[in-house]
Amino acid sequence: MGVCFSTIKVSGSNSNNNVNHNRKEATKQQTKTTKATAPTRKKQEVVDHQQNNKNVNNEEEKKLKVKEKQGSKAIPCGKRTDFGYDKDFGMRYTIGKLLGHGQFGYTYVATDKANGDRVAVKRIEKNKMILPIAVEDVKREVKILRELTGHENVVQFYNALEDDSYVYIVMELCEGGELLDRILSKKDSRYTEKDAAVVVRQMLKVAAQCHLHGLVHRDMKPENFLFKSTKEDTPLKATDFGLSDFIKPGRKFQDIVGSAYYVAPEVLKRKSGPESDVWSIGVITYILLCGRRPFWDKTEDGIFKEVLKNKPDFRRKPWPTISTSARDFVNKLLVKDPRARLTAAQALSHPWVREGGSASEIPIDISVLSNMRQFVKYSRLKQFALRALASTINEEELADLKDQFDAIDVDKNGAISLEEMRQVVFSLSNL
């Protein structure tokens, strides 16, 4: 219409008629255009309406998925699981002082209300069992303790109970202290090869019993062995079967578990079996005889390289004063090829470790206890630091870390390999 008015003004004649004519033509054209585009507009409005509905539905679906995800996070797998254990813990036991704690639970002294006996209770929080695998770990630990109950060198299992918040594993109370603490507490500092052999024999008996049941302990270390009482002839008891698992003949474990100092070469190669327990006992024996670790570095990766490549040092003091039989025993346990390593049953027959065997009763060099004391202090400091770090992380942050770990752990074997970490670094560098 602007163009029409401009033309009219320029022509100067019959202006009104021209204006009216042009207005009529414009009106006709507009009406025609409107009639032609009405169905198209209507159709477009329907499409737009459908698209809007689709967007709304997509948003609703997204919100629903987020709610479902949040709901599943809010209720961990352990909280939703009925373990099938007795539900009357509070009626049967009274919890006392704290003994120690791990990743999922705390261990307390408790009293049996029926007879007044003192027991140890491992209380595991259901809220911390986020994934089904955590639930299976608890069930497996209870099953293993039931299988091994009755063995003189395994902590006795009494009962498993539960309530809405916790699973309770009731066990024999061992009040004689940890293995290395007991050795270091000797008042006259009289510590001999025979003392070490008595301890090692009991550990081998546990390993042999586990292997007989198709079990691998997978975390043999001094901290997991406690003395029953403070008496001189009290038995040594194996505890903490949280990493233990059943293994079928001819099969191998592919996950890397255990403590860095005691881990066997085949564990690092993801092809481990019962032989790894014997390696760990070999490492403990080495420490018992000289007070130092056979494989050491400032980092875990460094320790792993030492385990895979190097041999233990038998030249440094006090090894020249240790008996040939003791050195031979340790050498046969710390064989890198698990097929050439002694089994637990074979090791029990070695002259140095067997009852009435060749282990010397002459006191070991005083430097051994000094070395051992430094080793224990370092281990305790490391444990304290890790616990202090863990105590600063709340449940939400812990769950977030768990999610991040699961995202990096592509093969879902419970450990992050060097290759998996490389992939993460590569992905981040490309952002």
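Read the figures in this text as sums done on the coordinates, not as results from a lab. From a predicted model like this one, the values you see are computed outputs, not experimental measurements. Cβ placement follows ideal geometry from the backbone for every residue including glycine, while neighbour counts extend to all protein chains displayed.
Annotations
- Of the residues HIS350, HIS213, HIS101, the one with the fewest other Cβ atoms within 10 Å heads the list, and the complete ranking is HIS213, HIS101, HIS350.
- Over 31 Å between alpha carbons, listed pairs LYS252/LYS332; LYS97/LYS126; LYS228/LYS317: LYS228/LYS317
- Residues whose amide H lies under 5 Å from that of HIS101, counting only those 5 or more places away or on a different chain, are THR107; hydrogens are built 1.01 Å from N in the peptide plane.
- Remark on the range 118-257: hydrodynamic radius 16.4 angstrom, per the Kirkwood mean of 1/r across alpha carbon pairs.
- Dimensionless Rg over Rh [the range 229-273; C-alpha; Kirkwood]: 1.14
- Kirkwood Rh and Cα Rg combined as Rg/Rh, the range 152-215: 1.11
- Ratio of the Cα radius of gyration of the range 118-197 to 2.2 N^0.38 Å, where N counts its residues: 1.47
- Dimensionless Rg ratio for the range 318-370, taking C-alpha atoms and the 2.2 N^0.38 Å reference: 1.26
- Scanning residues 5 or more positions from SER272 or on other chains, those with amide H under 5 Å from its amide H are PHE253, with H placed 1.01 Å from N in the peptide plane.
- The relative contact order of the range 165-230 comes to 66 percent, based on Cα pairs under 8 Å that sit 6 or more residues apart.
- Remark: the range 75-88, residue by residue, has Karplus-estimated 3J(HN,Hα) of 10, x, 4, x, 5, 8, 9, 9, 6, x, 8, 4, 10, 10 Hz, where x stands for each Gly or Pro and the curve is 6.51 cos²θ - 1.76 cosθ + 1.60 at θ = phi - 60°.
- Label zone at LYS139 (point 7 Å along Cα-to-Cβ), backbone N below 12 Å, the range 74-117: 78, 81-85
- Residues whose amide H comes within less than 5 Å of that of TYR158, counting only those at least five positions distant or on another chain, are VAL170, MET171, GLU172 (H built at 1.01 Å from N in the peptide plane).
- Scaled against the 2.2 N^0.38 Å expected of a compact globular protein of N residues, the Cα radius of gyration of the range 179-380 reads 0.96.
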